[in-house]
1. On the given criteria, is Ala191 in a helix (DSSP H, G or I), touching a strand residue (DSSP E or B) at 6+ places or on another chain (Cβ under 8 Å) and either among the hydroxyl-bearing types (Ser, Thr, Tyr) or at pLDDT 95 or above (or both)?
2. Please enumerate the residues belonging to the stretch 126-141 that are of a type outside the set (A, V, I, L, M, F, W, C) and either surrounded by 12 or more Cβ atoms within 10 Å (Cβ to Cβ) or at pLDDT 75 or above (or both).
3. Taking the conditions exactly as written (under 30 Å from Leu136 (Cα atoms) and modelled with pLDDT of 95 or more), does Tyr118 satisfy them or not?
Amino acid sequence: MQSFMEKYQTIIIRIAVCLAVLLGVFLLLAIIGQVKSYKYIGSGLPAANTITVQGHGEVDKAPDTAKFSFTVQDEEKDTATAQAAVSKKVAQVKSDLVAAGIADQYITTNSYNSYPDYVQTNAPMIVGQPTTSQTLKGYIVSQSVDVSVKDLGKTETVAGILGKDGVTNIDGPNLGFEDPHEASDEARDKAIVDAKVQAEKLAQSLGVHLVRIVSFNDNNSGGNVTPVAYGMKSMDASAAVPAPTIPTGVQTVTSDVSITYEIR
């Protein structure tokens, strides 16, 4: 009669071989994991030896947006009359802007104010009473409007319309970008490359190796507008009011970064 070992010898051998193979695979994967993680050993610890480098990046881009803001104001004996006068003038400006190709969605009210206007008058001096008094002169209504010009070719036309329609407190054009992050990100990428080059040169000079980045700081300065020279020219042959000449130029967007590397 066969013993248990003799009877199941083949099965036991196969099971032992499978276990050995599985153990070998497990150990191999563990070794590979240790090798891959070697470069991260100590990454959570404070760096003992470091170098810090600076990088600078610049991007010159032509602006793609011009923004204006203006105010329409009127004073009348009562608020309703002043409101009607302001609304009529704003409607005229808006109509002229839309006719010039400015989309309605880019003409928006920034603020709307209404308040009484008093004047001080001198009164005969009476002991124990004020010598001046206030008299209601009327009511002032003002409306501030923002205009975004997406086609810079219309910038001068818009400026001319605002001057022709007699608005007050014109601010602009303020030239910039519809997406300001695009240019600043591009400048930052250049600054990082510049810092990396400086770090590699410094490490080579010192005879050390760069291990990892310990800290990073950046300072995007945004766009520096090229100065605009204002001249005067007519909008067309029949225009009674000249429009300003507004060169759009380019804007320089800069970025400065500081990177600290651990060295070994």
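The values are calculated or read from the model by the stated rules, or taken from the named source; none is laboratory data. Only a predicted model underlies this, so the values are computations on that prediction, with no experimental measurement involved. Because the Cβ atoms are built from the backbone with ideal geometry, glycine has one as well, and the counts that use them run over all protein chains shown.
1. Criteria met by Ala191.
2. Ser133, Gln134, Thr135, Lys137, Gly138, Tyr139
3. Values: under 30 Å from Leu136 (Cα atoms): yes; modelled with pLDDT of 95 or more: no.
For Tyr118, the condition - under 30 Å from Leu136 (Cα atoms) and modelled with pLDDT of 95 or more - is not met.
Rundown of residues vs (1) modelled with pLDDT of 90 or more; (2) part of a strand (DSSP E or B); (3) in contact with a helix residue (DSSP H, G or I) (Cβ under 7 Å, 6 or more places away or on another chain); (4) surrounded by 16 or more Cβ atoms within 10 Å (Cβ to Cβ), yes/no style:
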residue: Val147; (1), (2), (3), (4): yes, yes, yes, yes
residue: Gly160; (1), (2), (3), (4): yes, no, no, yes
residue: Asn169; (1), (2), (3), (4): no, yes, no, no
residue: Val197; (1), (2), (3), (4): yes, no, no, no
residue: Glu200; (1), (2), (3), (4): yes, no, no, no
residue: Ile213; (1), (2), (3), (4): yes, yes, no, no
residue: Phe216; (1), (2), (3), (4): yes, yes, no, no
residue: Asn220; (1), (2), (3), (4): no, yes, yes, yes
